[in-house]
1. Pairs only if they're at least six apart or on different chains, beta carbon under 8 angstrom, first in the stretch 124-147 and touching a residue at least 12 places away in the same chain (Cβ under 8 Å) and of a type in the set (V, I, T), second assigned to a loop (DSSP other than H, G, I, E, B) and surrounded by 17 or more Cβ atoms within 10 Å (Cβ to Cβ); list them, first residue then second.
2. If you take the residues of the stretch 71-91 that are in contact with a Leu (Cβ under 9 Å, 6 or more places away or on another chain) and either part of a loop (DSSP other than H, G, I, E, B) or surrounded by fewer than 15 Cβ atoms within 10 Å (Cβ to Cβ) (or both), which of them is modelled with the highest pLDDT?
3. Within the stretch 22-36, identify whether any single residue is modelled with pLDDT under 70, out of contact with any Cys (no Cβ under 6 Å at 6 or more places or on another chain) and open to solvent by 60 Å² or more (accessible area, probe 1.4 Å), and answer yes or no.
4. Applying the selection to the stretch 123-159, what residues are under 12 Å from I34 (Cβ atoms) and open to solvent by less than 30 Å² (accessible area, probe 1.4 Å)?
5. Taking the condition part of a loop (DSSP other than H, G, I, E, B) and within 15 Å of the chain's Cα centre (by Cα), does L113 pass?
Amino acid sequence: MSNDQDGVGAGPDPQAPARSARMIALLPAVAAVILLLDLITKIVVVAVIDPLRPISIIGDTVTLRLVRNSGAAFSMATGYTWVLTVVALAVVIGIIRYSSRLRSPLWALGIGLILGGALGNLVDRLFRAPGPLRGHVVDFVSVGWWPVFNVADSAVVCGAVLLVALTLFGVELDGTRISGKKPAPSTTPTRESPNA
């Protein structure tokens, strides 16, 4: 069996640079769309919705209510807004550093969703009251018992779910799949001792 068949010693993929460039372009495009949607919806919500008067969409099950969240998702870590800001900055920097390894459009989509969501909430923490690094995130979608969330939160959750699914199905950053098959044991016959 040749080494090329196992992918060992195979030459470089001539289409890899073009594919990488497309994935690197897809990631910021997805992130930019999410960031823009998040910013627009928050601007509209702050201008239109009275915090004391939520807008009913489907009875009391789905409503639009303006909530300013100083913590993370599900109102955790309230009072540690500056820590969350630093963590969000680290996530954004990490994503940008790893983006050059992307060859898979699904990975680019998932990471783009997470990046866009992280940037959307980071903008709030940097520029909203009560001040830089301590800004409260604008949340406005309330569904049943689920904590109030926004477009950025939705994007982060959807992106994370997609990345977990890709990992479970063995899809790598470069678009290849992990077969999960172990190499077959050697079937080369051994010479028996004449005294056996």
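1. V137/S70; V137/R128; V137/N150; V138/R128; V138/N150; V141/V148; V141/N150
2. That would be V86.
3. The first filter runs over the stretch 22-36 and keeps only residues modelled with pLDDT under 70, leaving none.
No - not one qualifying residue is present in the stretch 22-36.
4. N150, A152, A155, G159
5. no
The values are calculated or read from the model by the stated rules, or taken from the named source; none is laboratory data. Just so it is clear, the model here is predicted, and its values are computed rather than measured. Neighbour counts run over all protein chains shown; Cβ positions are idealised from the backbone, glycine included. Surface areas here come from the heavy atoms of the whole protein model, side chains and all, with no ligands, DNA or RNA. Shrake-Rupley method; radii C 1.70, N 1.55, O 1.52, S 1.80 Å.
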